[in-house]
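Okay, structure first, notes after.
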Amino acid sequence: MDRTVPAIVMLVLALALVVLLWVGWRGRKRRQADVPEPRPVPADTGAERFRADGQYVTTTTAGDWLDRLAVHGLGLRTRADAAVYDGGVLFERAGSGPLWVPAGSIDEVRLESGMAGKFVERDGLVVLGWRLGDHAVDTGFRTRVPEDKTALKAAIEDLMSSGRSGDTGRPQDQEEE
């Protein structure tokens, strides 16, 4: 009997913590309701330039590495492949679906040591700064093979410098009749 009461108290506290986490995540999704859904992967992505396997860390509001986006599955950490194509960057996320970043939406690529709960060695994450509709966001990716991070960054920089105007990721304006 003397262990029953503490066990019940711990169970209630654990349940309360889970409920608070769920309420917080739901509130975050409600606050981010204006963030548009990412574009689907186009039928023609162009030629593949580079591919690396690793971990999709998260997508956050640009410049705020703690403000994880909860909408559209963008905040879920998962195993993934990052592939650079002529038309953009594709994160093939296990269990979350693909995330396509059109080449015209990419603002920058850099190396960082952490974001939203994932901290690694200095310059261990490849962070892609891009525009999702009117929102500036950062997407983090950790390569499985450390040498791949510089090659991935270089491939994205090459894509950016190729001057491909491509798709900006913004909703297309209706053509005037």
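Out of the residues in the stretch 34-60 meeting the condition of being exposed (fewer than 10 other Cβ atoms within 10 Å of the Cβ) and of a type in the set (A, V, I, L, M, F, W, C), tell me which one is farthest from Arg93 (Cα to Cα). Here the residue is Ala47. Please determine, by comparing only the residues of the stretch 121-136 that are in contact with a Pro (Cβ under 9 Å, 6 or more places away or on another chain) and assigned to a loop (DSSP other than H, G, I, E, B), which one is nearest to Gly87 (Cα to Cα). Looking at residues that are in contact with a Pro (Cβ under 9 Å, 6 or more places away or on another chain) and assigned to a loop (DSSP other than H, G, I, E, B), I get Gly133. Among the residues of the stretch 137-152, those identified as open to solvent by 50 Å² or more (accessible area, probe 1.4 Å) and either part of a loop (DSSP other than H, G, I, E, B) or not hydroxyl-bearing (Ser, Thr, Tyr) (or both) are Arg142, Arg144, Val145, Pro146, Glu147.
Considering Val137, Val101, Val120, the condition of being touching a residue at least 40 places away in the same chain (Cβ under 8 Å) and closer than 21 Å to Arg51 by Cβ is satisfied by Val101 alone.
Table: residues versus (1) at pLDDT below 95; (2) β-branched (Val, Ile, Thr); (3) in contact with a His (Cβ under 8 Å, 6 or more places away or on another chain).
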residue	(1), (2), (3)
Val109	no, yes, no
Gly114	yes, no, no
Phe119	yes, no, no
Asp123	yes, no, no
Trp130	no, no, no
Asp134	yes, no, no
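A search for C-beta distances below 9 Å between a residue of the stretch 27-51 that is closer than 15 Å to Leu74 by Cα and any residue that is at pLDDT below 95 and of a type in the set (Lys, Arg), counting only pairs 6+ apart in sequence or on different chains, returns Arg28/Arg68; Pro36/Arg170.
The values are calculated or read from the model by the stated rules, or taken from the named source; none is laboratory data. Keep in mind it's a predicted model, so treat the numbers as computed, not measured. Ideal geometry is used to build each Cβ from the backbone, glycine not excepted, and the neighbour counts take in all protein chains shown. For accessibility, only protein heavy atoms count, side chains too; no ligands or nucleic acids. Shrake-Rupley method; radii C 1.70, N 1.55, O 1.52, S 1.80 Å.
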